[in-house]
1. Computed from the mean reciprocal separation of all distinct C-alpha pairs, what Kirkwood hydrodynamic radius does region 1-48 have, in Å?
2. Using only the alpha carbon atoms of region 221-346, find the Kirkwood hydrodynamic radius as the inverse mean reciprocal pair distance, in angstroms to one decimal.
3. Between Glu47 and Gln401, 0.36 nm times their residue separation minus their Cα-Cα distance comes to what?
4. Which of Tyr144, Asn164, Pro275 sits farthest toward the positive end of the charge dipole of region 139-278, with +1 on the Cβ of Lys and Arg and -1 on the Cβ of Asp and Glu?
5. How are the Cα pair distances of the chain distributed, in percent, across 10 Å bins from 0?
6. Please check: in the Gaussian network model of the chain (C-alpha springs, under 10 Å), which one of Asp335, Asp36, Asp100 has the largest mean-square fluctuation.
7. Using the C-alpha gyration tensor of region 111-173, what are the square roots of 5 times its eigenvalues, in whole angstrom, with the largest one first?
8. Let me test this: with uniform point scatterers at the alpha carbons of region 199-295, what is the Debye-based log₁₀ I(q)/I(0) at q = 0.16, 0.18, 0.20, 0.24 1/Å?
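The values are calculated or read from the model by the stated rules, or taken from the named source; none is laboratory data. All values derive from a computational prediction rather than experimental measurement. With ideal geometry, Cβ positions are generated from the backbone for all residues, glycine too; neighbour counts draw on all protein chains shown. Remember, those area values only see protein heavy atoms, side chains included, never the ligands or the DNA or RNA. Shrake-Rupley method; radii C 1.70, N 1.55, O 1.52, S 1.80 Å.
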Amino acid sequence: MSFVTHLECSMTGKRYEAGRPHNLSEAGKPLLVRYDLDALAKSVSKEALSHRTEGFWRYREFLPVENAENRISLGEVVTPLIRLPHAEKKLGAAQIIVKDEGRLPTGSFKARGLALAVSMARELGLGHLAMPTNGNAGAAMAAYASAGGMRTTIFCPDDTPRVNVEEIALQGGEVYLVNGLIGDCGKIVGEGKEKAGWFDVSTLKEPYRIEGKKTMGLELAEQMGWELPDAIFYPTGGGTGLIGMWKAFDELEAMGWIGAKRPKMIAVQAAGCAPIVKAWEDGAEHAPLWENAHTAAAGIRVPSAVGDFLILRAVRDSGGFAVAVEEQAIFDARDEIARTDGLLLCPEGAATYAAYEQSLHEGRISAGDRVVLFNCATGLKYPMQSETRFIDRTKPIDYAQFG
Ligand SMILES: *Cc1c(COP(=O)(O)O)cnc(C)c1O
């Protein structure tokens, strides 16, 4: 049972049939899944949802998987909303809320997108999946595909953090390091479609990852009592999550579950890789390739995004903006929030806090705004500075030093 009616080219609106594998549209743009929202609204209520427990699969009516047996689950949870009281006090801010996606299987919100992409691949009878990845997406794909009995081949830039590469391999992915960036890895995946016979699961090049990421919008709305925040700061790489949440809000409004009010969608990038920020500032519809992309926040090191125009549209339609933060500001933010509020953000998540602080100082956002920052992965997957204070237990210990 699913309420999918068809798929649609996000650029031209051309219709495509559901129920068979798709990559990009003929126009070379992402496909969006469309539903019979009236029938969907009749089949489920806010009340019924509130009693369900199974993480993002609780939104099954809003998702494309038809046969429940194809839903692959690794113990998804509803990710918590966590206030930052120290930061609020320091900045005189009303409410800073972190949605902590690091609690999902494989430690990042890539679990949402890949659970859907892989479950749909199983439903459509695909046995071998491939993708380029900066780490987290590959780990999520390997885990869900192994659980679903499918094979994966995964290509990472050779400076991808070791922990991600090892995680992918341990979870059954056949992983290769490539001397290039994510775009170079993507090219290998694209060229291998015919020659190696795998299915290309690159960001936005198949339609179902967006549907998984859409559950962030559904979940946030439900957690906030079907009242959206004033602003959402989103660390933007390929932009799947921002596009997915925007789609969720549109679908919820069409169903009459929320009103027309939308949060300002704020796309956060690193100064060393900020194609969307440049396009936003230039008033452009597309973002040209960013040369020499660099940032330790690997999830947002994406020099070129197929869905650039969809990200920019959502940002503009919401009255939001795109903002870049310096590398030092990202790590200062991570260290500060960990030390004061006890939450270890990933660098991409820390970038959203740095961007919030910067936007507040620049007057682009007001202290009275209720803001949600997305922490998209656990901070534990990233290199940390080593701290070793040593005690020689065989000698007398000077307890005064602890005073
Ligand atoms: C993938 C990723 C992002 C970027 O997400 P998109 O929705 O593709 O823009 C941000 N942070 C982390 C930790 C990621 O893994």
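1. After inverting the mean inverse Cα-Cα distance, the result is 11.9 Å.
2. With all distinct Cα pairs of region 221-346 included, I get 15.4 Å.
3. My answer for the length gained is 121.8 nm.
4. Selected residue: Pro275.
5. Whole-percent P(r) values from 0 Å outward: 5, 23, 34, 25, 9, 3, 1, 0.
6. Residue with maximal mean-square fluctuation among Asp335, Asp36, Asp100: Asp36.
7. In descending order the semi-axes read 20, 10, 10 Å.
8. -0.77, -0.92, -1.05, -1.24
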